[in-house]
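One structure below.
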Amino acid sequence: MNALTPIKSAWKSAQLLIAFHRNKDGRRRQDPRLWSPKNGVAGVTDDPKAKESVLVVRGHGDAGDVQIKLHPDKIILRRDPEAIGWSGLQVDHYGVRVLVGDVWITVQADGSIKREVEGAADDESWLEADGSYIRIAPEVEINVAGDGSRMTRRTKGRLDMIDDEGSVSRRRKPSDRPLVREAMARLSDE
């Protein structure tokens, strides 16, 4: 391999810590109490909101420091959003999620990929395991078959479709059935 720039080590140290999020009387702490176990072993507890095991990896330069949190059902990696590239990563039985900027990319166990914008629950895209693509946003729904044989695009006022029999582009009446996003049940804010 020919490298154009010298390769440097990204990490310079690692420290195992146990974060106690509650006092002995059970009250939640403002900031966790951090303790480094003397024998270098930390258990993974069933309630990470009370106590959690954390490995803090210190980085060189732009690499940034990384916190590796060990939960009973997942592993979470976090680093400062100012660092280069990703700022969050979560690995569990269902897949791998990566946070880049304000976008979560999830590779699920079946091979499908989901894209969702943090803070915009009505803006999602999927690349299914069979190759089909689905995009649901407030203004549009797009569906492309995995083999490319059918493409549809729906908006409030228009339906466009291309398939092996030709193409259709027509205006929709406002009383037609709502877009998928509009018909979904919502949780109340109460």
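The values are calculated or read from the model by the stated rules, or taken from the named source; none is laboratory data. Keep in mind it's a predicted model, so treat the numbers as computed, not measured. Neighbour counts run over all protein chains shown; Cβ positions are idealised from the backbone, glycine included. Heads up: the accessible areas ignore ligands, DNA and RNA and are worked out on the full protein's heavy atoms, side chains in. Shrake-Rupley method; radii C 1.70, N 1.55, O 1.52, S 1.80 Å.
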Can you tell me which of Asp92, Asp102, Asp122 is touching a strand residue (DSSP E or B) at 6+ places or on another chain (Cβ under 7 Å), at pLDDT below 90 and not aromatic (Phe, Trp, Tyr)?
Asp102
Among the residues listed as Arg27, Arg22, Arg78, the single one being within 21 Å of Trp104 (Cβ to Cβ) and basic (Lys, Arg)
Arg78
Go through segment 163-177 and report how many residues are at pLDDT below 85 and surrounded by 10 or more Cβ atoms within 10 Å (Cβ to Cβ).
2
For segment 82-92, how many residues are assigned to a strand (DSSP E or B) and either open to solvent by 60 Å² or more (accessible area, probe 1.4 Å) or under 23 Å from Gly64 (Cα atoms) (or both)?
4
Test result for Asp130, open to solvent by 40 Å² or more (accessible area, probe 1.4 Å) and either more than 25 Å from Gly88 (Cα to Cα) or modelled with pLDDT of 90 or more (or both):
yes
Can you name every one of the strands (runs of 3 or more DSSP E) wholly within segment 30-81 that holds 2 or more residues which are basic (Lys, Arg) and more than 20 Å from the chain's Cα centre (by Cα)?
51-59
Output for segment 143-157, where each listed residue is more than 14 Å from Ser169 (Cβ to Cβ) and either surrounded by 13 or more Cβ atoms within 10 Å (Cβ to Cβ) or charged (D, E, K, R) (or both):
Asn143, Val144, Ala145, Gly146, Asp147, Arg150, Lys156
How many residues, within segment 93-122, are polar (S, T, N, Q) and open to solvent by less than 60 Å² (accessible area, probe 1.4 Å)?
2
Quick one: count up the residues across segment 29-61 that are farther than 24 Å from Asp80 by Cβ and loosely packed, with under 15 Cβ neighbours inside 10 Å.
10
Hey, Pro6 hits all of (1) open to solvent by 90 Å² or more (accessible area, probe 1.4 Å); (2) over 27 Å from Ala121 (Cα atoms); (3) at pLDDT 85 or above but one; which does it fall short on?
(3)
